[in-house]
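Shown next, in structure tokens, is the structure this report addresses.
The values are calculated or read from the model by the stated rules, or taken from the named source; none is laboratory data. Just so you know, these numbers come straight off a predicted model, no measurement behind them. Cβ sites come from the backbone with ideal geometry, for glycine too, and all protein chains shown count toward neighbours. Areas reflect the complete protein model, heavy atoms only, side chains present, ligands, DNA and RNA absent. Shrake-Rupley method; radii C 1.70, N 1.55, O 1.52, S 1.80 Å.
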Amino acid sequence: MRRRTIAILFVCATTVLTACSGSGSGTAAKDSAAPRTPAAVSPAAAAPKGSDADPTGGQILTDSLKVTRQATSLHLKADIADPKEGATKMDLSLNSKGDCTGTIAQGKDTIGIIKIGKTVYLRPQGTGKWTKTNTASADGKDLASVCDLNNFLGGFQGEDTAAEKGATTKVDGHPAIVLTEKDGDESYTMDVATSGKPYLLKMVTVGGDSPGTLAFSHFGEPVHAVAPTRSSIAA
């Protein structure tokens, strides 16, 4: 059986994020979504099977991705390098209903976002007022699409990946095991929780065109996406 590698998973995740991060016009956001095809990453041969008592790194990751895909909400912190557009950074709480709240930054530009249903509130850095729009508008549609948790987690597929088990660590105080994989000059690590449900807590890539870090927390917790006060919304 062909394996989906950590490399492919990171490409899928970062493609979703960077394609939605343009804080300018809808055209700019679409231009940033040039496909980064997973097919460009060469899959490795089938991984050895471990026992239930001592699963392989690939089995641990497969189980983690399955559990993570079922999350109804989470908090995401992303920092993805882009030599042309500048780093994409996100600090978002989002849920499977499509609601979210937080910030999206690309290069020197940062924008606050609150999405509740089809209503989207945007506030560029340095402005005191929120702009109310909706998911049918160009900017609202492009930016709000990053709030689609189901779409984002949909790329988290994997079966018997090439991941190898490494040391144990802690991510924000949560015990985890480090999984690693290397593909050419790119290396990848994933930290999987070893206490409670085996959620994916962090994914890091070093080298390549878009190195960066994705960190996940607050699984299943309420997303407090609350509309700004009327006085803080531009007329």
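Quick look at the numbers
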read-out: Search result, residues across the stretch 124-153 that are in contact with a Lys or Arg (Cβ under 8 Å, 6 or more places away or on another chain) and closer than 23 Å to Asp82 by Cα; value: Asp142, Ala144, Cys147, Leu153
read-out: Answer from Lys89, Lys118, Lys165, Lys108 - the residue that is free of Cβ contacts under 8 Å to residues at least 60 places away in the same chain, among the basic types (Lys, Arg), surrounded by fewer than 22 Cβ atoms within 10 Å (Cβ to Cβ) and within 30 Å of Lys182 (Cβ to Cβ); value: Lys89
read-out: Tally of residues being among the acidic types (Asp, Glu), more than 15 Å from Phe219 (Cα to Cα) and surrounded by fewer than 22 Cβ atoms within 10 Å (Cβ to Cβ) across the stretch 172-190; value: 3
read-out: Meets criteria (open to solvent by 20 Å² or more (accessible area, probe 1.4 Å), under 29 Å from Asp209 (Cβ atoms), of a type in the set (Ser, Thr, Tyr) and within 14 Å of the chain's Cα centre (by Cα)) for Thr103; value: yes
read-out: Criterion (open to solvent by less than 10 Å² (accessible area, probe 1.4 Å), outside any strand (DSSP E or B), at pLDDT below 95 and farther than 30 Å from Thr62 by Cα) met by exactly one of Gly126, Gly140; value: Gly140
read-out: Leu201 touching a residue at least 12 places away in the same chain (Cβ under 8 Å) and touching a His at 6+ places or on another chain (Cβ under 7 Å); value: yes
read-out: Any hit, the stretch 54-66, residues being touching a Phe, Trp or Tyr at 6+ places or on another chain (Cβ under 8 Å), open to solvent by less than 40 Å² (accessible area, probe 1.4 Å) and within 27 Å of Gly196 (Cα to Cα); value: yes
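Quick grid of which residues meet (1) in contact with a Ser or Thr (Cβ under 8 Å, 6 or more places away or on another chain); (2) assigned to a strand (DSSP E or B); (3) surrounded by fewer than 16 Cβ atoms within 10 Å (Cβ to Cβ):
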residue	(1), (2), (3)
Lys170	no, yes, yes
Val192	yes, yes, no
Lys197	no, no, yes
Ser210	yes, no, no
